[in-house]
Structures are given as structure tokens and as C-alpha cells.
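Structure first, then comments.
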Amino acid sequence: MKRTRWPLSWAVILLLFFLTVPAAASYDATLRTAREFLWKTVTSGGVSCGSVAVMDGGKIIFSDGFGAADRAEGRNADGRTRFNIGSTSKMFAAAAILILADENWLNLDDPVVRHLPEFVMKDPRYRDITIRMLFNHSSGLPGSTFVFGYKADEDPQAILIETLKESTLKHDPGAMGIYCNDGFTLAEMVAERVSGKPFLDFLKEKVFDPLGMKDTGASLGITGGRLAEFYGDDGKKYPREVITVLGAGGLSSTVEDLCRFAGAFIPGGKSFLSPKMLEEILRPQPTPFAASLKGQTILEAFGWDYALLPDYQELGFQMVGKSGGTTFYSTNLQILPSRGLAAAVIFSGHGPAQQATSKILEALLRDKNLPVPGTPRVMAPGRAEPVPAELLAFEGYYVDASRAALFAFEAEKGLLNIRPLPGQASGASPAPLVLEYSGGYFHDFERKEKYYFTEAGNEIFLVMADLPLYGTDIPSFQKISVPDRPNHLAVDMDGTVWLLRNASPFLQSPDFLLVRSSRIAELPGYIDFFGIKKVESADYAAIAATGFRDQSSLHLFRKGNEIRAKVLQFVFSREDTAPAARCEKVVIGAEGENEWRRVEQGAIFSFTKPADGRIIVIAEKEDHPLLFDSITDGGEIFVPEGSYLFFAGRSGDVFEISFR
């Protein structure tokens, strides 16, 4: 047989390959875990595809994709498939600010107003918000002043600044860390103002290009490329998602690029930060609230979801991580900086990305013969003990992010009864919860959950301990007071349906186009409308759940003969302002407000609309299910009696509608 002589160049390439790429067998558990977890997730439904990448010692040792990124093209996902990464984008806002601090353009403890003088709030405490507080979520800002969409047709920075002028803080700046998207939009604005460059241009120059992140930038609806499309559970393909709040959640990337970013935080990695700022981004950023907890808190880090996880801390490892979720995508990045290990997972759909990276990193530790966090011990239900007398004062009314409940003790039996209050806008109340007191905690043994009470400042919280996947503590409920002389709003809120009037035609999620408000009979002085609010005057209700994310106050105002409601930047009118639907031309008015019609008799509905116009049909049922959306649906549809028709477009747009 004639011997084949390989060119020297190929011999050199192969030699370099085997010298630099670890043998796959040394990562057997890692590869098996990654493949099995992602395949199981994709084939179980809820996600259409996913990608994974794993880093060891600054090198990507494995990347792959599972499921169809584009069904029509027959293109499967891989390690270079691009997804929207949601709040994982926050770490790039952190990077931008720390680079500017490195270059002495700003100080992390500067007041935000020093760099953004147009940032003004109704609450004078806003002047004490520092740049650092934007990143450990302790600013006290109410929540999230933006929406996801299918087109970049609004200026989220201008909307935020305008909305904050009428807003108050939830708590003193710096007091506690509560997840807050708006802080990162302000950070994005600071970065642009100080650098004098657009946010993405600054990141490309300082982060993306130096780290070789060629597939990271604006969201998918803007960038295009080799991306993962989103498909609903019904198989419909949706338009590509556009998120314009870049610092809070508007970037797209790949799992390989996220691992390259992770490489900047490991020993010997190519970092864009000085040692001082590298230490800053990796260290915990605690608030006074953390001292009130029995365990470790979450969020109080520089942009990360956590800078330490208890199970890894016990092994002598630091774990940092950041998740991200949009309407269509789920992301997670976890890094063990001292060991040079990282894993990134992204799903198209609502997939368990945090659980995936955790399992993959545990397998990687086993492959490297390093200690792995132990499996939580199974605890037998304890015998209930009498509730200590000092805890009985905590009986009363409580709220969480969206509902109200009554807490009542059966002290001798060792029970805490949590009864959701009837009459809330969300409709049917969840079942009561009974917790048993044992060993200093209140237990739900069936769900393997445990809770305790804590006092922080003037507030009382019921805290969940050992949050699954994290091992940290997080507020679950907050106590509220019932006023002796409750205030009332100028209009009856009980069972009222409110219709959104200023939605973009490219609004991605139509879930809050139609909102029901309620007055809770058992809790005078409070209403339920986008969460529980305390009525303070005839036209104003304030945030009640000051210890939870994404809260808002309510303002009533008059426009012509109508009473309108404003929550954040959203303006609503009451359902009785919607005319009866008939065969007609529906015209969007001079102010561009959404039009609504109410269907009085079931009929076959058909229409013509302008190119960028939108029609949505919503059922009258309690949870107001969506029946039709012209973004994904076409043709005629039967509309039941009582249905609502929503129209969105530009000023002067004409929709022709007919029934038969």
C-alpha cells in the first residue's frame, strides 16, 4: 500500500489541535449531562431549541445546540446560534460603568443626578441614589418602565425619565436589594452621557471586540443573522423580538460569546477591567436589609443575581451568575472564577436555564475531581411546636408582589394560617396555606419550604429560607397596616374593566391590554389594580408592597368627559367608553390612541387593516383569554358575545370591519 504523505501544514494543525483541546473523554460527565438535560428540555415541550457552551481554564471545551432554530429552513441550533439574552445584558451595563470608573470618568458612589440632571422624581430621596445602587438593586425605584415589542418604535429612555417625574421610591436608597430593571436603563444613560458614545458602540470598542465576541449586539429583531426563531406552543412562528432597553435586557448573544465574556473574570483571562474593578464586580454589595436575614441574600452584587452561593461557599468556591428572561427566551450564565469554569445555556422558550447550568457545572466539577455541593438532606416532618409569644404580634394583613392575605396563628397547635383575601382582581384565590412551626421556622413540609419572620427598619417580612437552586433567603410577604379612616378613590374600582389606550401596535405581550380592578372588602383603603395599592386620596393610590419588584402607583385624571387611570406610563379608560361594534371604518385619532369596540352579539368577524395596524380579539371570560391577534393570525374569526376588539396603529390609520 502506498503511504500517504500529509502536508506539513496539516500535521502542524493536528498537533496543535491535540495539544490545545482536551480529550473529550476527560469531560464525559459534563457532555452527557449537558446533552441529556437540553434534549430532555427540548423534547418535553415549552422550548423549541437550546444551546450550551462550557468553559474550562479560559477555553471553550464544548458547545452544541439542540432542536430546530428555524423549522422552515431545517436549521438546527448550535453554539453560535444567536438568542435574545434578556437580563443577562445587565452584566454588560456593569462592564461599561466599571470601565468608565477605571478611566476616572465617574465614581461608583456618585449620585446619578450628577451625570443625569434630567433625572427627577416626585420623591426628593431620589437625589441620594448612587450609581452603585443601580447595580445592587437598592435604588428604591418602582420597577420596570418599558415593554417588549416587535419594532423599535418608542424611546424607552425618554419614557422612563417622563414617568419617574410622577413616581415615588419604594424605600430609602440603599436600604434593600429588590430586582429593578429601570436602574439599568439609567446606568445605560449614564454610560452614554459620560462616554459620549452610543451604548452599543462603547461596548463593541471596549468589550465585544477585545474579547472576540463577534455575535453579540442588539436584539434579534434588529440584528437578524443565524438566530433562534421563537415558536409558540401551537407551532406558530412569531415575529422577531425587539428590546430597546439595552442595559436592562436588550442584547442578543450566543452561548460561546457568553463564555468568552466569562473568561474575563478568571485568573489569566483577558479582562477589560483593572484588578481593582475586577474585584469590585466580583465582590458582594450588601445592604442593611441583608443583616436582618438568617441566611444569605440574593441580588446584592454588582449586576449579578448573586456573587456567592452558600453551597459553593462552603466548598471554598465563589459562584457568580446571571439569568435572563424575555417573553420568548431564557438565559443563564454561571462562573466559578477561581477555577476558571463557566457554563452558559439559552433556550428559545421558557426553559430551566439556571437549573441546566447548575447541573452542568456540577458534572464538570466531578470530571475534574473537585468537590461538589451535596444533595440536600431529606428531612422528616417535625412535630409542631407552640408558636413563641413574641411572634404573635406578627398576625395581620400581608401582601406579596401581586396579592393580599390574612395571617392568623393557632399558637398552641404551632400553626400559621395564610388565607388569601377574596375579591382580588386576579379572580379565583389560591388555596390557603398552613405552615407548621418547628425548630425556629414555619414549614410547608409537603413543598419542602420553610419560612421565618424578620424586622427590617419599620417593616415586617415573612422570608422564605433556602430558596431552591440558590440556597439564599428572599422576602415572601410584607405586613401592611389597615387605616382607621380609610381613603377612597373618586371612582368605584370594584370589578371595573380598564382598557389600555396608549399601546404600540408592535407591543409584544397583550396580557395587560385589558385589566380588571377590584376593591377588597376585607381590606378597606386598598385596591387591586396592577398589584395591591393603598389609597391616599381621591385620585391617587400608592405602592403597598414596597419590598417587591415591579410595583407602581395609580393616578386618576380626567380627559374630557372620561376618568382615566395611569399606571407607570400606561393610560387606561373604563370599559364603558368602548362603543358597540358594528360594520364600520375604525379610525385611529390624532393622538394615536388605541380604539376599542365591544361585541354585543356573536358573529363572524372579518377586517382589512393598514400594513402596520394591529387587531386583537379578547374574550369576556374572567381571565380574558386572547382569541385572535393579527400579528400571527389571519382570516375570519367567530367573535363571541361580549368580546372586546382592540385596534392599534398610527394616527389616521383606517380599519374596515364587518360582521355576518
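The values are calculated or read from the model by the stated rules, or taken from the named source; none is laboratory data. Because the structure is a prediction, the values reported are computed rather than measured. Quick reminder, even Gly has a Cβ in these numbers, built from the backbone with ideal geometry, and neighbours come from all protein chains shown.
For beta carbons closer than 8 Å, sequence separation of 6+ or different chains, a first residue in the range 136-150 that is assigned by TED's automatic domain parsing to the domain that holds G183 and a second that is small (G, A, S) and assigned to a strand (DSSP E or B), the qualifying pairs are N136/A301.
If the condition is being touching a residue at least 60 places away in the same chain (Cβ under 8 Å), in a loop (DSSP other than H, G, I, E, B) and more than 24 Å from S537 (Cβ to Cβ), then the range 559-591 contributes A578, A581, R582, C583, I588, G589, A590, E591. All of (1) of a type in the set (K, R); (2) at pLDDT 95 or above; (3) over 25 Å from K122 (Cβ atoms) hold for R516 with one exception: (2).
Contact map, the range 104-127: residues that are over 18 Å from A158 (Cα atoms) paired with residues that are part of a loop (DSSP other than H, G, I, E, B) and of a type in the set (D, E, K, R), Cβ distance under 9 Å, separation 6+ or inter-chain. Pairs shown: R125/D172.
Answer yes or no as to whether G221 is part of a helix (DSSP H, G or I) and over 25 Å from S63 (Cα atoms). In short, no. In contact with a His (Cβ under 8 Å, 6 or more places away or on another chain), surrounded by fewer than 21 Cβ atoms within 10 Å (Cβ to Cβ) and more than 30 Å from A290 (Cα to Cα) - does that describe any residue in the range 547-565? Taking every residue of the range 547-565 in turn, none turns out to be in contact with a His (Cβ under 8 Å, 6 or more places away or on another chain), surrounded by fewer than 21 Cβ atoms within 10 Å (Cβ to Cβ) and more than 30 Å from A290 (Cα to Cα). Confirm whether K322 is of a type in the set (K, R) and crowded, with 23+ Cβ neighbours inside 10 Å. It is true that K322 is of a type in the set (K, R) and crowded, with 23+ Cβ neighbours inside 10 Å. Here F512 qualifies as without any contact (Cβ under 8 Å) to a residue 60 or more places away in the chain, outside any strand (DSSP E or B) and not β-branched (V, I, T).
Just one of the listed residues (K197, K204) is within 27 Å of T145 (Cβ to Cβ), at pLDDT 95 or above, not assigned by TED's automatic domain parsing to the domain that holds S509 and not in a helix (DSSP H, G or I), and it is K197.
Checked against (1) under 28 Å from A565 (Cα atoms); (2) of a type in the set (A, V, I, L, M, F, W, C); (3) surrounded by 22 or more Cβ atoms within 10 Å (Cβ to Cβ), A152 passes all but condition (3).
Would you check if Q285 is at pLDDT below 95, polar (S, T, N, Q) and in contact with a helix residue (DSSP H, G or I) (Cβ under 9 Å, 6 or more places away or on another chain)? Judged against the criteria, Q285 is not a match. Scanning the range 393-407 for residues that are over 10 Å from L523 (Cβ atoms), touching a residue at least 60 places away in the same chain (Cβ under 8 Å) and of a type outside the set (G, A, S) gives F394, Y398, D400, R403, F407. Condition test on G325, is it in contact with a strand residue (DSSP E or B) (Cβ under 8 Å, 6 or more places away or on another chain) and at negative phi? Judged against the criteria, G325 is a match. Evaluating G225 against the criteria (1) touching a Lys or Arg at 6+ places or on another chain (Cβ under 7 Å); (2) buried (at least 18 other Cβ atoms within 10 Å of the Cβ); (3) closer than 29 Å to C259 by Cβ leaves one unmet condition, (2).
State whether the residues of the range 127-142 include one that is surrounded by fewer than 16 Cβ atoms within 10 Å (Cβ to Cβ), at positive phi and of a type outside the set (A, V, I, L, M, F, W, C). No. Here P475 fulfils each of the conditions (1) within 25 Å of the chain's Cα centre (by Cα); (2) crowded, with 20+ Cβ neighbours inside 10 Å; (3) without any contact (Cβ under 8 Å) to a residue 60 or more places away in the chain apart from (3). For the range 611-660, the candidate set comprises residues that are in a loop (DSSP other than H, G, I, E, B) and among the hydrophobic types (A, V, I, L, M, F, W, C); within that set, the residue that is nearest to Q424 (Cα to Cα) is A619.
Residue pairs whose Cβ atoms lie under 8 Å apart, separated by 6 or more positions or on different chains, with the first residue in the range 64-88 and free of Cβ contacts under 8 Å to residues at least 40 places away in the same chain and more than 19 Å from A34 (Cα to Cα) and the second among the aliphatic types (A, V, I, L, M) and assigned to a strand (DSSP E or B), are G74/A68. With respect to V434, determine if the residue is closer than 26 Å to G495 by Cβ and touching a strand residue (DSSP E or B) at 6+ places or on another chain (Cβ under 8 Å). When the stated conditions are applied, V434 does not pass them.
Scanning the range 369-425 for residues that are within 28 Å of the chain's Cα centre (by Cα) and among the charged types (D, E, K, R), we see that the one that is nearest to I460 (Cα to Cα) is D400. Evaluating W498 against the criteria (1) buried (at least 19 other Cβ atoms within 10 Å of the Cβ); (2) modelled with pLDDT of 95 or more; (3) touching a Gly at 6+ places or on another chain (Cβ under 9 Å) leaves one unmet condition, (3). Only one entry in A538, A619 is in contact with a Leu (Cβ under 7 Å, 6 or more places away or on another chain) and surrounded by fewer than 16 Cβ atoms within 10 Å (Cβ to Cβ), namely A538. Of note, I266 does not satisfy the criterion of being closer than 14 Å to M91 by Cα, touching a helix residue (DSSP H, G or I) at 6+ places or on another chain (Cβ under 8 Å) and either surrounded by 20 or more Cβ atoms within 10 Å (Cβ to Cβ) or not assigned by TED's automatic domain parsing to the domain that holds F453 (or both).
Within the option set R558, R564, being touching a strand residue (DSSP E or B) at 6+ places or on another chain (Cβ under 9 Å), within 27 Å of I657 (Cα to Cα) and among the basic types (K, R) holds for one residue only, R564.
Those helices (runs of 4 or more DSSP H) of the range 71-183 in which 1 or more residues are farther than 30 Å from K237 by Cα and within 21 Å of the chain's Cα centre (by Cα) occupy 90-102, 131-135, 156-164. Please specify each residue of the range 369-400 satisfying the condition of being surrounded by fewer than 16 Cβ atoms within 10 Å (Cβ to Cβ) and either assigned to a helix (DSSP H, G or I) or of a type in the set (K, R) (or both). Those that are surrounded by fewer than 16 Cβ atoms within 10 Å (Cβ to Cβ) and either assigned to a helix (DSSP H, G or I) or of a type in the set (K, R) (or both): R377, R383, A389, E390, L391, L392, A393.
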